[in-house]
């Protein structure tokens with residue numbers, strides 16, 4: 001109980017509350033601007049978190065990401081351009097509602113069910129994390145190795161691309177993480193004599209490059225989005241309670257799917273929205289109405305993507321394995337602030353964990369009033385010309401990457417990763433998989449090599465402990481799944497052909 | 001920069017082969033069989049396999065489905081986009097970051113950032129009426145936030161700020 005009160009006291013500090021408010025506004029604005037994703041919003045915040053207290057730093061990350069995921073729905077609804085990839089799944093549906101003259105209802109659904117989804121996701125974090133932490137205390141390096149492997153495989157499995165390319169992207173990330181001295185022998189590896197590479201490649205410049213610089217690059221080769229027509233909005237929350245009562249099943253299902261996908265390492269809000277929207281359509285009593293401005297799918301997917309945000313923190317806090325690209329950034333911040341992820345975090349720093357829950361709930365509550373203000377102000381904010389925003393973003397990339405280590409080499413890294421990210425994206429290689437490889441590379445190698453040393457080079461002990469055997473089984477299934485699916489399709493494609501030949 | 005799967009796949013396989021070979025040359029931890037050499041070897045072999053599969057076009061069917069789902073959300077292409085060198089415009093942001101890297105120590109933050117902002121906003125089609133005020137206002141604001149509030153030692157160079 002003391003820890004609960006202590007946590008409330010920590011969150012009630014003026015600097016934390018101010019950080020929550022400012023990062024909420026920042027997240028709402030950045031998320032609403034098309035092309036600027038929630039991950040990018042969070043990545044650009046990292047240099048600023050250096051100078052904040054630990055709780056304020058985590059509060060900015062949590063609040064900005066939750067707000068950005070919601071406000072990504074605004075341009076999707078009004079312009080048919082998703083503000084963040086997490087809104088892409090239901091952009092058509094929301095825009096169809098706007099065309100029917102129900103823009104207020106559509107935006108209200110996005111806001112109301114995002115906030116509810118966020119709070120239910122937080123509840124799942126509160127319940128799941130301590131139980132899993134107790135379980136995880138008994139893990140050895142073998143379990144950690146398989147957990148990391150499973151995390152990497154999940155990331156490739158859910159990428160909306162060719163699984164082979166996703167695995168290649170993930171391996172590229174692991175290769176990048178090989179650079180530097182942080183290996184079992186402390187030997188300079190792949191540094192090519194460059195002193196700046198001895199410390200390895202930090203995930204943050206890579207993230208900023210891949211998600212922010214490549215977005216600026218993309219802006220140069222894509223036309224400007226159309227301007228938003230000026231409009232006056234009616235009541236935003238009108239009728240939301242009626243919808244909540246009318247579609248309880250959809251909402252619960254959206255939340256559960258979001259929570260499960262959030263917990264899976266590497267799969268985040270965008271995947272949750274795609275899966276939930278598809279599920280909603282499949283189980284709906286009126287599937288023919290989907291795509292014509294029907295609220296059902298919007299409710300389910302909107303609830304799902306925000307629910308996944310909180311549950312994405314479960315593997316991040318327990319194992320240091322990111323649940324999505326946003327928690328990949330958060331892990332870096334946690335380490336920096338001395339809150340090293342691991343099961344002991346819940347016993348030794350319990351008050352900090354409770355503070356984290358409070359922040360989640362608080363940010364989802366203030367999402368409603370701030371979100372309404374953002375919707376009303378959207379016609380002004382969305383008018384900001386891209387030619388003014390993108391230069392500011394690029395300057396933030398340059399200054400931010402310098403500020404991480406007060407080292408100009410960071411600026412070069414950001415530029416290089418921007419080009420890598422741009423080329424990868426253009427050719428269908430999911431960049432999120434690479435980022436995950438970079439973030440998890442060191443941990444993955446450490447658990448792999450330590451396990452190999454313990455087992456004297458034999459692979460058998462990797463499968464001997466019960467938990468590691470189960471994890472190994474799931475990992476191998478993840479690897480085999482695309483193969484099986486591919487084989488099934490080939491077989492399925494050939495069968496009708498053969499039938500025709502016989503006929 | 002759209003390349004064929006054959007090219008990217010071959011590149012990845014070659015990169016993997018080089019990484020595996022270079023990794024295998026690293027010495028193990030004294031007294032152990034394994035060391036810093038194992039991980040690059042495993043990753044490199046994985047890359048060789050993936051690269052070969054991509055070059056052979058395996059797994060391409062998954063991509064077509066994902067592309068079809070988002071293709072109709074993409075904005076239409078402008079007529080200028082058909083020019084063969086149009087794609088090279090994308091290289092401007094990294095080029096400006098390289099410029100920043102080399103120039104910021106001597107020119108100072110304000111001047112370098114102003115040049116970067118001006119060049120990029122002009123390239124994005126801004127008129128002088130947006131580009132010039134942006135280049136004049138954004139760098140001092142960033143300098144104030146990062147230098148004064150966050151104490152990041154940004155180089156002063158030619159134009160030291162009053163704070």
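From the list A:79, A:18, which residue is modelled with pLDDT of 85 or more and either touching a strand residue (DSSP E or B) at 6+ places or on another chain (Cβ under 9 Å) or within 14 Å of chain B (Cβ to nearest Cβ) (or both)?
Step by step, each of A:79, A:18 is checked, and only A:18 is modelled with pLDDT of 85 or more and either touching a strand residue (DSSP E or B) at 6+ places or on another chain (Cβ under 9 Å) or within 14 Å of chain B (Cβ to nearest Cβ) (or both).
Conditions: (1) assigned to a helix (DSSP H, G or I); (2) more than 14 Å from chain B (Cβ to nearest Cβ). Residue A:238 meets all but one. Number of the miss?
(1)
Which of the following residues is within 30 Å of residue B:11 (Cβ to Cβ), surrounded by fewer than 18 Cβ atoms within 10 Å (Cβ to Cβ) and touching a residue at least 60 places away in the same chain (Cβ under 8 Å): A:224, A:196?
Unique residue meeting the criteria: A:196.
Of the residues A:315, A:391, A:322, only one is under 30 Å from residue B:113 (Cα atoms) and surrounded by 24 or more Cβ atoms within 10 Å (Cβ to Cβ); which?
Of A:315, A:391, A:322, the one residue that is under 30 Å from residue B:113 (Cα atoms) and surrounded by 24 or more Cβ atoms within 10 Å (Cβ to Cβ) is A:391.
For (1) assigned to a helix (DSSP H, G or I); (2) at pLDDT 90 or above, each residue gets a yes or a no:
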| residue | (1), (2) |
| --- | --- |
| A:117 | yes, yes |
| A:122 | yes, yes |
| A:128 | yes, no |
| A:132 | yes, no |
| A:135 | yes, no |
| A:139 | no, no |
| A:144 | yes, no |
| A:150 | yes, no |
| A:157 | yes, no |
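Within region B:131-138, is there a residue that is touching a residue at least 12 places away in the same chain (Cβ under 8 Å), under 20 Å from residue A:208 (Cβ atoms) and facing chain A (nearest Cβ under 8 Å)?
yes
Which numbered condition trips up residue A:380, out of (1) under 17 Å from residue A:116 (Cα atoms); (2) free of Cβ contacts under 8 Å to residues at least 40 places away in the same chain?
All conditions pass for residue A:380, except number (1).
Filter region A:275-312 for residues that are modelled with pLDDT under 85 and crowded, with 24+ Cβ neighbours inside 10 Å and give the result.
none
Quick check on this structure: which one of A:98, A:49, A:84, A:63 is within 14 Å of chain B (Cβ to nearest Cβ) and modelled with pLDDT of 85 or more?
From the options A:98, A:49, A:84, A:63, the qualifying one is A:49.
Can you name the number of the only condition in (1) over 20 Å from the mean Cα position of the chain (by Cα); (2) within 10 Å of chain B (Cβ to nearest Cβ); (3) over 20 Å from residue A:446 (Cα atoms) that residue A:190 fails?
Failing condition for residue A:190: (3).
Say we look at region B:28-41 and pick out the residues that are assigned to a loop (DSSP other than H, G, I, E, B) and facing another protein chain (nearest Cβ under 7 Å); which of these is farthest from residue A:454 (Cα to Cα)?
B:36
For region A:259-282, indicate whether the set of residues that are within 14 Å of chain B (Cβ to nearest Cβ), out of contact with any helix residue (DSSP H, G or I) (no Cβ under 7 Å at 6 or more places or on another chain), under 29 Å from residue A:431 (Cα atoms) and assigned to a helix (DSSP H, G or I) is non-empty.
Within region A:259-282 (the criterion being within 14 Å of chain B (Cβ to nearest Cβ), out of contact with any helix residue (DSSP H, G or I) (no Cβ under 7 Å at 6 or more places or on another chain), under 29 Å from residue A:431 (Cα atoms) and assigned to a helix (DSSP H, G or I)), the answer is yes, since at least one residue qualifies.
Restricting attention to region B:115-130, report how many residues are free of Cβ contacts under 8 Å to residues at least 12 places away in the same chain and at the interface with chain A (Cβ under 7 Å from one of its Cβ atoms).
Residues that pass the stated criteria total 4.
Pick from region B:50-63 the residues that are within 9 Å of chain A (Cβ to nearest Cβ) and surrounded by fewer than 17 Cβ atoms within 10 Å (Cβ to Cβ): which of them is modelled with the lowest pLDDT?
Filtering first and then ranking leaves B:61.
Tell me, which residue of region A:152-187 that is at the interface with chain B (Cβ under 7 Å from one of its Cβ atoms) and in contact with a strand residue (DSSP E or B) (Cβ under 7 Å, 6 or more places away or on another chain) is surrounded by the most Cβ atoms within 10 Å (Cβ to Cβ)?
Across region A:152-187, the extreme among qualifying residues is A:183.
What about residue A:24, is it at pLDDT 90 or above and closer than 18 Å to residue A:339 by Cβ?
No, not satisfied.
The values are calculated or read from the model by the stated rules, or taken from the named source; none is laboratory data. All of these numbers come straight from a predicted model, not from anything done at the bench. Methodologically, a virtual Cβ is constructed for each residue, glycine included, from the backbone with ideal geometry; neighbour enumeration extends over all protein chains shown.
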